[in-house]
Amino acid sequence: MAVSENTNWMIYHYLLLGKDPLGLEYRFLYHGVACLFHTSQFSDITTCNVVVKGLLECIANPKSITITKNGKNDILKLLSGVKHTDKIEGFLELLNRIALVNVK
């Protein structure tokens, strides 16, 4: 609950001020990967596949995305905890694309 409220709060922060301290790209990637992580914990492979497909569509050019080094590390740590990666379509491609994201 606290995570979703934080997300809502940051969306309103961005809408009101036109900026996001951590960056919209980071938030998009982090929350997408968090969704994948949590969904994988209860073995919903169908939903995991949909989440990965959506993330891959939005990360078509990972070199055009820049996030903080700590943010990238947080996302990669979360990805490392995803279960059933051998059953999730496109998981390795997602991991590769996120690894190619630029850091500042």
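The values are calculated or read from the model by the stated rules, or taken from the named source; none is laboratory data. If you're wondering where the values come from, they're calculated on a predicted model, not measured in any experiment. Using ideal geometry, Cβ is built from the backbone for each residue, glycine included, and neighbour counts are taken over all protein chains shown.
Anything in region 24-48 that is among the polar types (S, T, N, Q) and not in a helix (DSSP H, G or I)? List them, or say none. Listed by number, the list holds a single entry, S43. Of the candidates E93, E89, the single residue that is out of contact with any His (no Cβ under 9 Å at 6 or more places or on another chain), at pLDDT 95 or above, surrounded by 14 or more Cβ atoms within 10 Å (Cβ to Cβ) and over 24 Å from N8 (Cβ atoms) is E89.
For first residues located in region 55-71 and over 18 Å from H31 (Cβ atoms) and of a type in the set (K, R), partners that are in a loop (DSSP other than H, G, I, E, B) and at pLDDT 95 or above and lie 6+ apart or on another chain with Cβ distances below 9 Å form the pairs K63/L100; K63/V101.
All conditions but one from (1) without any contact (Cβ under 8 Å) to a residue 12 or more places away in the chain; (2) in a helix (DSSP H, G or I) apply to P21; the one that does not is (2). What's the total number of residues in region 12-41 that are loosely packed, with under 15 Cβ neighbours inside 10 Å, aliphatic (A, V, I, L, M) and within 24 Å of N61 (Cβ to Cβ)? Qualifying residue count, region 12-41: 2.
Of V3, V51, which residue is within 15 Å of R97 (Cβ to Cβ) and either modelled with pLDDT of 95 or more or part of a helix (DSSP H, G or I) (or both)? Explain how you work it out, then say what you get.
On the way: V3 fails: within 15 Å of R97 (Cβ to Cβ).
The conditions single out V51.
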